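Encoded as structure tokens, the structure appears first; notes follow it.
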Amino acid sequence: MLRRRVNFLGFMLAAAVLLHPPRMLATAPPPAARPWMNPSASPEQRADLLMKAMTLDEKITLMHGVEPVPIKGYVGYVPPIPRLGIPAITEADGRAGVGNGAKNVTLLPAPIAAASSWDPQLLNAFGKVLGEEQWKKGTNVELGPSIDVVRVPEWGRTFESYGEDPYFNAQMAVAEIQGIQSEGPIANANMYVTMNQESNRFREDSIVDERTLHEIYLPPFAAAVEQAQAGTIMCAYVKTNRVYSCESADLLSDILRKELHFDGWVMSDWGATHSTLSSVEHGLNQEMPGDKYFGLALKQAVQSGQVSEALIDERVRQILVPMFRQGIFDHPDHGSWSANVRTPEHASFSRAAAEQGTVLLKNQGGILPLAKTTSIAVLGEAGGSKPKAEGGGSSGVVAPYVVSPVDGLRRAAASAESISYADGSDLNAAAEAARKAQVAIVFVHTDETEGADRPSLSLPGNQDQLIAAVAAANPKTIVVLDTGGPVLMPSIDKVAGVLEAWYPGQEDGNAIAAVLYGDVNPGAKLPLTFPRTATAIPTSTRQQWPGVDGRSIYSEELDVGYRWYDATHNQPLFPFGFGLSYTTFRLSHLSVTPASVQTGSSFHPVHVRVEVTNTGQRAGAEVVQVYVGQPAANGEPPHQLRAFGKVQLQPGETKTVTLTLDQRSFSIYDESARRWISPPGRYEILAGTSSRDLPLHGTVIAGGGSQ
Ligand code: NOJ
């Protein structure tokens, strides 16, 4: 069969040479045999041309991965089809650097740290580093970013995500996806959707109303599709409203395809495909990592007439279009898994991102920044013997090195001898070391990982006792949190300073030393709330999390994160959006124009202007946050983040920050009509520097209208 085809091709070639003089052949446009390889045709045209040449087997080849992956590295692999010039699809994990055991890559800070910068440009650069390293490793689908809204503070993958606000996550997702895709790979927005726990992630059923789904959990995915043109989406392990994500007509067909007009491909999380017929029918394009449902079973379903070939064509086209759009066909040899892809520039970026993501939470009496001559006792495993630079699970990265905090401090101090270290396993020894030093710094950590939620919000082991013992020995105690999410702080009143450094990546110690000594002025803000007690959280019942009989009820509805604390008048330990600086700022002169808007097709954006003055002695950055409080009749949480902007200011300097409110700021999702509406009324515009510090107020009168 093969021989006959070769002979036939040989014959065609000979005939062509006879019919056309060689010079004409040499200048001929792309080989007529493969018109889809013409890069000047549109991705859609190229996909259509290619599909005409594909057999059913070849189409099905694209719709599932192969196991075991035949070449080293990639966690997901779809083999090439050389006959047609279709390259292999090579998929690798990467939330904070290239994963899957790759060597010679950069370990970046956890995404929650990068997001704490509240700087989409930083997220864009983060995506570029990730995208470039993946591309040079030969990866053409980067399995990230993770963009789910953090519903449950104990969620084991909180560190992989951006935080608890849908608008905020959407901005970060767009910036990172654009960064990744600008470097070559197709980005994969995951995990779609209501992926809010690890405890029972393979079976859990999230019972959530459509309004909450649209207003809280979908916006990051909508933005990834509509604003960043993410090429792929990963459907999650969990069920949403009784149906597995990867076979849900509501999630895949109605929302993703019809509402959001997603034209790329949906791949299942690893082992998250549960059927052939309803998965392919409702919108799954690719089963990963193997072929249990989308291999022979799918072929037989086509042959027996249960699945039409037209449907297969639709699903395959949705894979090919983003591949053509991203140039995957045009750049087949862009790297290899063994390549050394880390660079000095990426290491500097990793450090800068960690510095920009470190949040100053408490600074009593201006204890920070420290003079470089201060004698310091560094205490805790994360401070030296076991630096906590990253979270666990599929986001894990083989770090080329990790600078421990004690090493970073010793490098930056006036004299390395002034920095002592004890791991804190012996509380008396730790207290003794603290007593001998001018300042004690306790590094505490959590071990967060995919596959397990945290059993409690308390620090594990003896770390709370360590903080208490050290604080009792030396009132000048500073706590550095290396956690992926919020923790309880029973000794908060006993310590003078607190920094949230998250999982800071390979430059851990250099970054934290720069912040502690004031070489860098912290300008980060929390992207999620820190509760005061274990039960003062939006999801405190077992019905909500981890669920009863496999079902978790999203009964808090829209009151996720700070929305719940505001609605219930609960005082958090540290609110969403909060973070201090070594300087101070004043916000003034709020203007909101126009003061009234038409909604619907005649809507014009509302401009919010705020003046920000640096009233302190150091250069620093402030984040202006604008929240909208809807008319009470709309049944929304008290106020919700709708715009933010970061500004750098020299001491004494004033700048005007101009932010824009879009129509969604004045909208709610109407569940019965299944569309967004803008109820008329008076909308409060609140500006400030955290969700609990909003001193400037304005209003917008909005007219009614639907979108
Ligand atoms: C399961 C994880 O949920 C997902 O995020 C990851 O990309 C795959 N495993 C592949 O490692």
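The values are calculated or read from the model by the stated rules, or taken from the named source; none is laboratory data. Every value quoted in this text rests on a predicted model; they were computed, and no experiment measured them. We place every Cβ from the backbone using ideal geometry, glycine too, and count neighbours over all the protein chains shown.
When you scan the range 139-153, how many residues do you find that are of a type in the set (D, E, K, R) and within 16 Å of the ligand (Cβ to nearest atom)? Steps first, please.
Keep residues of the range 139-153 that are of a type in the set (D, E, K, R), which gives 142, 148, 151.
From what's left, within 16 Å of the ligand (Cβ to nearest atom): 142, 148.
Count: 2.
Can you find a residue in the range 326-337 that is farther than 30 Å from Ser40 by Cβ and touching a residue at least 12 places away in the same chain (Cβ under 8 Å)?
The answer is yes, given that some residue of the range 326-337 is farther than 30 Å from Ser40 by Cβ and touching a residue at least 12 places away in the same chain (Cβ under 8 Å).
Looking at the range 225-273, which of the residues that are in a loop (DSSP other than H, G, I, E, B) and among the acidic types (Asp, Glu) is farthest from Asp205 (Cα to Cα)?
Checking each candidate, the answer is Asp263.
Which of the numbered conditions does Gln181 fail, given that it passes all the others? Conditions: (1) over 13 Å from the mean Cα position of the chain (by Cα); (2) under 20 Å from Trp502 (Cβ atoms).
Here Gln181 clears every test but (2).
Return a yes/no flag: does the range 683-705 have any residue that is outside any strand (DSSP E or B) and of a type in the set (Lys, Arg). Quick ask: steps written out before the conclusion?
At the first step, the residues of the range 683-705 found to be outside any strand (DSSP E or B) are 689, 691-692, 694-695, 703-704.
When the remaining residues are screened for being of a type in the set (Lys, Arg), the result is 692.
Checking the range 683-705: at least one residue is outside any strand (DSSP E or B) and of a type in the set (Lys, Arg).
Among what's in the range 425-435 and is surrounded by fewer than 19 Cβ atoms within 10 Å (Cβ to Cβ) and farther than 23 Å from Thr373 by Cβ, pick the residue that is farthest from the ligand (Cβ to nearest atom). Write out each step before concluding.
Initially, the range 425-435 is screened for residues surrounded by fewer than 19 Cβ atoms within 10 Å (Cβ to Cβ), giving 425-429, 432, 435.
Those left that are additionally farther than 23 Å from Thr373 by Cβ: 425-429.
On the way: Ser425: 33, Asp426: 39, Leu427: 38, Asn428: 43, Ala429: 41 Å.
Top of the filtered list is Asn428.
What pairs come out if I take residues in the range 49-76 that are more than 15 Å from the ligand (Cβ to nearest atom) and pair them with residues that are part of a loop (DSSP other than H, G, I, E, B) and at pLDDT below 95 whose C-beta lies under 9 Å away, six or more apart or interchain?
Ala53/Ala33
May I ask you to list the residues in the range 70-87 that are surrounded by fewer than 20 Cβ atoms within 10 Å (Cβ to Cβ), β-branched (Val, Ile, Thr) and outside any loop (DSSP other than H, G, I, E, B)?
The one that is surrounded by fewer than 20 Cβ atoms within 10 Å (Cβ to Cβ), β-branched (Val, Ile, Thr) and outside any loop (DSSP other than H, G, I, E, B): Ile81.
Tell me whether the range 188-195 contains one or more residues that are more than 19 Å from Arg95 (Cα to Cα), within 15 Å of the ligand (Cβ to nearest atom) and small (Gly, Ala, Ser).
Taking every residue of the range 188-195 in turn, none turns out to be more than 19 Å from Arg95 (Cα to Cα), within 15 Å of the ligand (Cβ to nearest atom) and small (Gly, Ala, Ser).
Pull out all pairs, ordered by first then second residue, where Cβ-Cβ is under 6 Å, the residues are six or more apart or on different chains, the first lies in the range 458-484 and is buried (at least 24 other Cβ atoms within 10 Å of the Cβ), and the second is basic (Lys, Arg).
Asp482/Lys388
Are any residues in the range 154-168 within 16 Å of the ligand (Cβ to nearest atom) and either closer than 21 Å to Ile668 by Cα or touching a helix residue (DSSP H, G or I) at 6+ places or on another chain (Cβ under 9 Å) (or both), and if so, which ones? Even if it seems obvious, please write down each step before you answer.
Taking the range 154-168 as the starting set, the residues that turn out to be within 16 Å of the ligand (Cβ to nearest atom) are 155-162.
Of everything in the range 154-168, those that are within 16 Å of the ligand (Cβ to nearest atom) and either closer than 21 Å to Ile668 by Cα or touching a helix residue (DSSP H, G or I) at 6+ places or on another chain (Cβ under 9 Å) (or both) turn out to be Thr158, Phe159, Glu160, Ser161, Tyr162.
Does at least one position in the range 436-449 carry a residue that is in contact with a helix residue (DSSP H, G or I) (Cβ under 8 Å, 6 or more places away or on another chain), within 16 Å of the ligand (Cβ to nearest atom) and closer than 19 Å to Leu481 by Cα?
Yes.
Listed here are the residues, each with its yes/no results for (1) more than 22 Å from Glu91 (Cα to Cα); (2) away from the ligand (no atom under 16 Å from the Cβ); (3) crowded, with 24+ Cβ neighbours inside 10 Å; (4) assigned by TED's automatic domain parsing to the domain that holds Ser665.
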| site | (1), (2), (3), (4) |
| --- | --- |
| Glu210 | yes, yes, no, no |
| Pro219 | yes, yes, no, no |
| Gln229 | no, yes, no, no |
| Thr240 | yes, no, yes, no |
| Ala249 | yes, yes, no, no |
| Asp254 | yes, yes, no, no |
| Gly264 | no, yes, yes, no |
| Phe294 | no, yes, yes, no |
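Condition (residue is within 16 Å of the ligand (Cβ to nearest atom) and within 32 Å of the chain's Cα centre (by Cα)) applied to the range 464-484: is it met by at least one residue?
Checked the range 464-484: at least one residue is within 16 Å of the ligand (Cβ to nearest atom) and within 32 Å of the chain's Cα centre (by Cα).
Could you list, in sequence order, the residues of the range 524-535 that are out of contact with any helix residue (DSSP H, G or I) (no Cβ under 7 Å at 6 or more places or on another chain) and either farther than 15 Å from Glu164 by Cβ or among the basic types (Lys, Arg) (or both)?
Filtering the range 524-535 for residues out of contact with any helix residue (DSSP H, G or I) (no Cβ under 7 Å at 6 or more places or on another chain) gives 525-526, 528, 530-535.
Those that are out of contact with any helix residue (DSSP H, G or I) (no Cβ under 7 Å at 6 or more places or on another chain) and either farther than 15 Å from Glu164 by Cβ or among the basic types (Lys, Arg) (or both): Lys525, Arg532, Thr533, Ala534, Thr535.
For the range 587-611, name all the residues that are part of a strand (DSSP E or B) and either among the small types (Gly, Ala, Ser) or over 16 Å from Gly645 (Cβ atoms) (or both).
Scanning the range 587-611 gives Ser588, Ser591, Thr593, Ser596, Val597.
Would a scan of the range 402-424 turn up a residue that is closer than 30 Å to Glu91 by Cα, more than 16 Å from the ligand (Cβ to nearest atom) and crowded, with 21+ Cβ neighbours inside 10 Å?
yes
Filter the range 472-500 down to the residues that are more than 20 Å from Leu409 (Cα to Cα) and among the small types (Gly, Ala, Ser) and list them by number.
Of everything in the range 472-500, those that are more than 20 Å from Leu409 (Cα to Cα) and among the small types (Gly, Ala, Ser) turn out to be Ala472, Ala473, Gly484, Gly485, Ser491.
Hey, any hits in the range 273-284 for a residue that's away from the ligand (no atom under 16 Å from the Cβ), touching a His at 6+ places or on another chain (Cβ under 9 Å), under 25 Å from Glu198 (Cα atoms) and in the same structural domain as Val174 (by TED's automatic domain parsing)?
The answer is no, given that none of the residues of the range 273-284 is away from the ligand (no atom under 16 Å from the Cβ), touching a His at 6+ places or on another chain (Cβ under 9 Å), under 25 Å from Glu198 (Cα atoms) and in the same structural domain as Val174 (by TED's automatic domain parsing).
Applying the selection to the range 618-653, what residues are within 28 Å of Gly518 (Cα to Cα) and free of Cβ contacts under 8 Å to residues at least 24 places away in the same chain? Show your work before the answer.
If we filter the range 618-653 for residues that are within 28 Å of Gly518 (Cα to Cα), which is where we start, we get 618-625, 644-653.
Passing the criteria: only Gly645.
Just wondering, is there one or more residues in the range 431-454 that are in a loop (DSSP other than H, G, I, E, B) and more than 30 Å from Trp545 (Cα to Cα)?
yes
Residues in the range 131-138: is at least one within 14 Å of the ligand (Cβ to nearest atom) and surrounded by 24 or more Cβ atoms within 10 Å (Cβ to Cβ)?
yes
Can you find, within the range 321-365, the residue that is surrounded by the most Cβ atoms within 10 Å (Cβ to Cβ) among those that are over 30 Å from Ser581 (Cβ atoms) and among the hydrophobic types (A, V, I, L, M, F, W, C)?
Checked the range 321-365; the qualifying residue surrounded by the most Cβ atoms within 10 Å (Cβ to Cβ) is Met323.
Answer yes or no: is there a residue in the range 286-307 that is of a type outside the set (Phe, Trp, Tyr) and closer than 26 Å to Pro219 by Cβ.
yes
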